[in-house]
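The values are calculated or read from the model by the stated rules, or taken from the named source; none is laboratory data. The structure displayed is predicted, hence computed values, not measured ones. Here the Cβ positions follow ideal geometry from the backbone for every residue, glycine too, while neighbour counts run over all protein chains shown. Keep in mind that these areas ignore ligands, DNA and RNA; they rest on the heavy atoms of the full protein, side chains included. Shrake-Rupley method; radii C 1.70, N 1.55, O 1.52, S 1.80 Å.
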Amino acid sequence: MPADTHSGYPFPEDQDLDRTISYRTPRGLPQAGDQHTRRLPNWPEPEEIGVGTVPAALPAALSAAGPAAPLAAPPAGAESAPPRRRGRGWIAALVAAVLVAVVCGGGVWAAAKLSGGGTQPQDVLPGGAIAYARLDLDPSAGQKLALFSIARKFSSTRGSFTGDDPRQALFTALRQDVKDVAHVDYAKDVEPWLGDRIGVAVLPPAAKGEEPGVAVAVQVKDEAAARTGLRKLGLEDGAAGLAFRDGYALLAQTQKQADAYAQRAPLARDPQFADDLAALGEPGVLSAWADLGKIVDASGAAEEAAVTALAPLRGTRFAGALRFDGSYAELTGITRGGAGAGGAKAEPVAVGSLPDSTVAAASVSGLGEALGEQWPRIQEAAKASPGAEGFTTFLDQARDTYGLALPDDLVTLLGKSITVALDERGLDGDQPGVGAVLTGDPAKAQQVLGTLEKMLADSGAPVQLATASGDGRLVVASTQEYAGRLAQSGTLGEDETFRLAVPEAQDATYAFYANLDKIEKLYLGSLQGEERADAAALRAVGLSGKATGGEATFTLRVVFN
């Protein structure tokens, strides 16, 4: 943290730096209005040179074919080589490197608290991006301890987390997968210049048919040392562009692009980008943003089926963050805009009122209404499929023989919400407790259910279901005893593991929960050694979210023992 900032900067003073229960938006972050830009001394003149010639070009992550060359100006009078273009393998390598370091073999490691203010990658990366990702390796001291504690629980990350520097742990993990950097010494070649933050921005293609541009911002502590370190990592002369801006090295596919990106207004000033990140709240150690509609446009999808399938993404934006707090890691996100903008808010689900013996459950509100709205598209898709004739025959038979009106009867059955649950009792027996709670009109839903049971019996697949009803709900279960318990209000919402895994369950319009400690007896016996230990370290998984017509939020948590 900078010495001249207060302990909570840039977050409110009453916020605990070592916890992330209350996600708040940073306040007073510096604006990137007066950043200076510099090019590396003796860097080649701007050329439209392809990026594929880099063997390992960008911090510890880039690997492609070709010999490395020193960073030096070309000899006087030398002719420029013709532009060369190969696959942009280093882009994928960079993204993969970040993900490998953050999520490994079932163990998720992250830290959710920034140690202070200062320039973020979006303050130096160019505006107009269609996608952005940021990694911060400078969590607070308490978060570092928790981060390393969690990482050491899992075999795939245990060996990398032997010190107390997340940057060194990241580099150690990368060396295992990128052979071209095996000769690089972290203490000598990387630590003196590498800062704590890395960002990547994807820019729309300059022209139709061209590939998107990519800019990478790496925070540096010493520009001269960074130049030497990047050369050590294999940044080949002339194969990629490099410029410096406000404490960051900006890397691009060509020098011309690097210079242009360094002069452009920063991404942080884009109104929609800034608004989406403000709505997201605390960015955590890993955050991302994307304009899904613009990504669709950049993909150049031309097939009619693909265009139709991707149409709902028009106008949709996404922002997400990976956070960490004590005993769990969470991925939280928000989507805004899109085809559903302006719709009514769905009612909260009642997953917390299930029996406390529930080991897994999934609940969603508004599924029946959504089915009714999407039915014309479902019919169109079915008619275009190879089994179109069979689908039409089924609909005709359901209507003429059984009087089933589709989709209206299915909308009635699904009602306002549906919750499916699995009970711990009988889990390892012949008849486990499985059931569904349908909220809506129980009497009408019971009639539709009877029709469906008759259809199944006539088709040679009879199903005997136990039911119970009351208080606007129809319960369908594998046994009458379990149906009775599902029909009553339970106390799952008071369970500590459930509360950790499914935050704000009382307001969620969709939710998922699985208590892994209670169901691990079904799979743990088949695992051995490190795989068994890794699986045993997982306690629960949960998902909760809220949806309105114009905005949807979600939080996915993995809880550890």
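Using θ = phi - 60° in the Karplus curve 6.51 cos²θ - 1.76 cosθ + 1.60, the 3J(HN,Hα) couplings for segment 402-414 round to 10, x, 7, 9, 10, x, 4, 5, 5, 4, 5, 5, 6 Hz; x is entered for Gly and Pro.
Label positions at residue 420 and residue 356, each projected 7 Å from the Cα along the C-beta direction, are separated by 2.7 nm. If you plug the beta carbon distance of residue 347 and residue 397 into 1/(1 + (r/R0)^6) with R0 = 30 Å, you get a FRET efficiency near 0.30.
Taking the Cα centre of segment 189-259 as origin and charging only Cβ (+1 Lys, Arg; -1 Asp, Glu), how large is the dipole, in debye to the nearest 20? Write down the numbers at each step before the final one.
Values: 8 positive and 11 negative charges, 21 e Å.
Roughly 100 debye, rounded to the nearest 20.
Excluding residue 406 itself, calculate the net charge of residues whose Cβ lies under 13 Å from the Cβ of residue 406, where each Lys or Arg counts +1 and each Asp or Glu counts -1. Overall, the nearby charge balance is -3. Backbone phi angles across segment 277-282, fed through the Karplus curve with coefficients 6.51, -1.76 and 1.60 (θ = phi - 60°), yield HN-Hα couplings of 5, 5, 5, 5, x, 4 Hz in residue order; Gly and Pro are listed as x. Put simply, the amide H of residue 359, placed in the peptide plane, has neighbours under 5 Å in 422, 423, 424, leaving out anything fewer than 5 places away on its chain. The residues of segment 399-546 expose on average 51 square angstrom of accessible surface per residue, using a 1.4 Å probe on protein heavy atoms.
Rolling a 1.4 Å probe over the protein heavy atoms of segment 404-483, with every protein chain left in place, gives an accessible area that is 53 percent carbon and sulfur. Close amide H contacts of residue 194 (hydrogens built in the peptide plane, cut-off under 5 Å, sequence separation of 5 or more or a different chain): 221.
Kirkwood radius, segment 424-561, all distinct C-alpha pairs, inverse of mean reciprocal distance: 17.7 Å. Sequentially through segment 194-208, phi angles give Karplus couplings (6.51, -1.76, 1.60; θ = phi - 60°) of 6, x, 9, 10, 9, x, 10, 10, 9, 9, x, x, 5, 8, 4 Hz, Gly and Pro residues having no value and appearing as x. Highest-first packing order for the peptide set 448-456, 379-387, 435-443 is 435-443, 448-456, 379-387, based on the mean count of other beta carbon atoms within 10 Å.
Please go through the residue pairs 416/454; 256/294; 454/521 and name each one whose alpha carbons sit more than 26 Å apart in this structure. Walk me through the intermediate numbers first.
On the way: 416/454 24 Å; 256/294 24 Å; 454/521 37 Å.
In this structure, 454/521 lie more than 26 Å apart at Cα.
List the chymotrypsin sites (Phe, Trp or Tyr not before Pro) within segment 489-551 that fall in a DSSP loop (any state other than H, G, I, E or B) and whose Cβ has at most 15 other Cβ atoms within 10 Å.
Numbers: sites: 498, 510, 512, 513, 523; in loops: 523.
Passing sites in segment 489-551 are 523.
Could you calculate the FRET efficiency of residue 524 with residue 369 from 1/(1 + (r/R0)^6), where r is the beta carbon distance between them and R0 is 41 Å, rounded to 0.05? It comes out at approximately 0.55.
Extents of segment 381-457, largest first, come to 43, 30, 25 Å (Cα atoms, principal axes, whole angstrom). Dipole magnitude for segment 428-548: about 320 debye, using +1 per Lys or Arg Cβ and -1 per Asp or Glu Cβ, origin at the Cα centre.
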